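Dumping the structure here so I can ask a few things about it.
The values are calculated or read from the model by the stated rules, or taken from the named source; none is laboratory data. Nothing here was measured: the structure is a model prediction, and the numbers come from that model. Every residue, glycine as well, gets a Cβ built from its backbone with ideal geometry; the counts of neighbours run over all protein chains shown. In case anyone asks, the SASA skips ligands and DNA or RNA and just uses the protein heavy atoms, side chains included. Shrake-Rupley method; radii C 1.70, N 1.55, O 1.52, S 1.80 Å.
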Amino acid sequence: MYASREDIGYDFGDDSKVGSKPVKPNPNIDGGWAWMIVFSSFLVHILIMGSQMALGVLNMEWLEEFNQSRGLTAWVSSLSMGITLIVGPFIGLFISMCGCRLTAIIGGILNALGWILSAYASSVHYLFLTFGVTAGIGSGMVYLPAVVMVGQYFHKRRALAQGLSTTGTGFGAFLMTALLKYLCTEFGWRNAMFIQGAISLNLCVCGALMRPLSPKDLSEKSVVRSSSEDNQAKALSHSTETIKSNGVLGDEPEKKEEATAEEVLESVQHVEIGGNSGSGRNMYGLRMLKTVSQLTLTVRKGFALWYSSYFGAASLFTNRVFVAFIIWALFAYSSFVIPFIHLPEIVKQYNLSRQDNVFPLTSIIAIVHIFGKVILGIISDLPCISTWNVFLMANFTLVTCILTLPLMQTYVGLAVVCALIGFSSGYFSLMPVVTEDLVGTKHLANAYGIIICANGISALFGPPFAGWIYDITQKYDFSFYIAGLLYMVGIIFLLLQPCIQKKQPRQKPTEEAQV
């Protein structure tokens, strides 16, 4: 239709070159433990994203308890949802230094702590800090690793795997809504949050399941990817060589740092062997020095990768398609969140509360959203189908539904549009796949962190903006029209950039660079 995955691919050189020797793929890639990673990510989406979509239950309790305005109280939920996504780039730094497993475990503890401390809230402002900030940061520390690990473990079935794992959002919306309603009715909202905090500790178990792949496994995956995408490798060979020859992704500084650190560690080990007759205090000091040296090396390598991805010569922002992807993300997520927030009020204005109580429109979105993620994932994994084209078609369908929704004033009409919104928004499962195609596996954590950060900004300011438009016009129509038009601007950016990149002639390496 437009540009295929190969046309928009932007390789940062993380895929290793294919040698003449065949490499046996790791059985845990696209199978084996990879499905445990999907299961772990599925549970993370239930406990984090599902809980956030069920915060309306607690919002009503907070309104009654603290007697504050609806706008001020709503910021508690908006902060939690927004910060979960906004902290993505900084969580990428943690992943670079500590790995996905440790980052997710720490995040699970922080998220549970936020829920438990919120049970003792004395004001809405207290909830801003404990639930909005503390639980939000903890959620972000678990959410990003859950997405990144699925991308690392899958190659052939990436879209399907991401689709299956992210269906936890829809299941979680049902489960957590019912659970929080029951807990609030039986034990009160404070005890409900305390119990939910204890349940959230299961995020630590999900993090423990995120067994990291060894560098050898990742290189094998890169070889498999490269061998299956020969055309892309040939098309990008000149540009990749140019980048490497100019030092954009040169590994020499990193290798020098590693060599220096290894020399220090070897000298420490040599002293340990030769100094067995020394005092125990000196040996303890040497071991401490060795530990500090290893930790320093890990931190320096992680920070160097994180810094180069954002600000260095190999910055992700040098990829114009990726920059357009960020602009799209700034407008896209609010178009999905706004219906969840404002549909109940629209139903009330149209006197459709009786039908909506039987089968809520938001439930229709959530149910069909589950099927949309799985079906779009299966379609994208077909050999003859481009993930990029499926992603664009789903976006076109969603923006059309957003612009059409205000025109529907019957329950049946709203239900049909909501079903289409739920299905087309299933493209969320394709976002990690598209991101990985643009920047490669090595930069996936940092790149996807930027994308979900843009989504977080959209989620943070989108619903309040829609409410502000309603206060001025006394209608929600203009809120959907403006959100839809901004969404369309983001889609146009995506359409233009591949065309520009395809038209650009690839520069050959200069003689000076080759030398």
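Which percent of the accessible heavy-atom area of the stretch 28-214 goes to carbon and sulfur, probe 1.4 angstrom? Don't jump to the answer; show the numbers that get you there.
Working: 4620 of 6720 Å².
Within the stretch 28-214, the accessible surface is 69 percent carbon and sulfur.
Okay, next question. In what sequence, largest accessible area first, do V44, V374, V416 appear using a 1.4 Å probe?
V416, V374, V44
Oh, and also: How far apart, in nm, are two points set 7 Å out from the Cα along the Cα-to-Cβ line at W468 and at L63?
2.2
Got a number for carbon plus sulfur as a percent of the stretch 302-503's accessible area, 1.4 Å probe?
Ligands and nucleic acids excluded, carbon and sulfur reach 73 percent.
Mind ranking M408, M393 by accessible surface for me, highest first, 1.4 Å probe?
M393, M408
Rounded to two decimals, what ratio of Rg to Rh does the stretch 28-214 give with C-alpha atoms and a Kirkwood Rh?
1.00
At a probe radius of 1.4 Å, what is the per-residue accessible area of W35, in Å² to the nearest 10?
My reading of the accessible area for W35 is about 90 Å².
Could you report the stretch 302-503's accessible area per residue, 1.4 Å probe, as an integer in Å²?
Ligands and nucleic acids excluded, the result is 38 Å² per residue.
Please go through the residue pairs K181/K373; K156/K442; K373/K475 and name each one whose alpha carbons sit more than 24 Å apart in this structure.
K181/K373; K373/K475
Scaled to the compact-protein estimate 2.2 N^0.38 Å, what is the alpha-carbon radius of gyration of the stretch 343-501, rounded to two decimal places?
Dividing the Cα radius of gyration by 2.2 N^0.38 Å gives 1.14.
Quick check of the Kirkwood formula: for the stretch 435-496, what is the inverse mean of 1/r over all pairs of different Cα atoms, in Å? Mind dumping the intermediate values first?
Numbers: mean 1/r = 0.0736 Å⁻¹.
One decimal place: 13.6 Å for the Kirkwood radius.
Given a 1.4 Å probe and the protein chains all in place, what does the accessible area of F423 round to, in Å² to the nearest 10?
Accessible area, nearest 10 Å²: 70 Å².
Then there's this: Give me the dipole magnitude in Debye, nearest 20, for the stretch 28-214 about the Cα centre, with unit charges on the beta carbon: positive for Lys and Arg, negative for Asp and Glu.
With only Lys, Arg, Asp and Glu charged at Cβ, the dipole is about 520 debye.
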